[in-house]
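*Asks:* Structure provided below as structure tokens; questions to follow.
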Amino acid sequence: MKQKNLFLLVGPPASGKSTFLAKMMPMLEHARCISRDDILFALVVEDEPYFCREDEVFDCFIDEIRKAIKDYDNIFVDD
């Protein structure tokens, strides 16, 4: 079985996690980045409170991680 790598990027807002990933991803083969913020902004409409769909966001986030583990060798999770 081929080795899979799961990298969790955590830190305070605006600490450079997404910037780091934007620079790293083009250099990696068979890699996927999953951003909780991307999922959140895709689900929450402009006038809704930030955390109004937190359960749905979390479920989508976990589902995307599970799918990526099956299909990719390097998975970066930006939370």
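Read-outs: derived from the displayed coordinates by stated rules, not from any lab. All of these numbers come straight from a predicted model, not from anything done at the bench. Every residue, glycine as well, gets a Cβ built from its backbone with ideal geometry; the counts of neighbours run over all protein chains shown.
*Asks:* In whole Å, how far is the Cα centre of the stretch 42-65 from that of the stretch 16-32?
*Replies:* After rounding, the separation between the Cα centres reads 23 Å.
*Asks:* Among the trypsin sites (Lys or Arg not before Pro) in the stretch 1-65, which ones are in a DSSP loop with at most 10 other Cβ atoms within 10 Å of the Cβ? Mind listing them?
*Replies:* Hits after loop and neighbour filter: LYS2.
*Asks:* Could you work out how much longer the chain between LYS4 and GLU29 gets when fully extended? Use 0.36 nm per residue separation minus the Cα distance between them, nm to one decimal.
*Replies:* Extra length from LYS4 to GLU29 when fully extended: 7.8 nm.
*Asks:* Something else: Would you pull out the residues with amide H under 5 Å of PHE7's amide H, same chain only if 5 or more places away, H placed 1.01 Å from N?
*Replies:* Placed amide hydrogens put ILE75, PHE76, VAL77 under 5 Å from PHE7.
*Asks:* Net charge near LYS70, counting Lys/Arg +1 and Asp/Glu -1 over other residues with Cβ under 13 Å of its Cβ?
*Replies:* Once positives and negatives cancel, what remains is +1.
*Asks:* Between ILE69 and SER18, 0.36 nm times their residue separation minus their Cα-Cα distance comes to what?
*Replies:* Once the chain is fully extended between ILE69 and SER18, it gains 16.4 nm.
*Asks:* In vacuum, with every alpha carbon of the chain counted as one equal point scatterer, what does the Debye formula give for log10 I(q)/I(0) at q = 0.14, 0.20 Å⁻¹? Two decimals, please.
*Replies:* Evaluating at q = 0.14, 0.20 Å⁻¹ gives log10 I(q)/I(0) of -0.50, -0.93.
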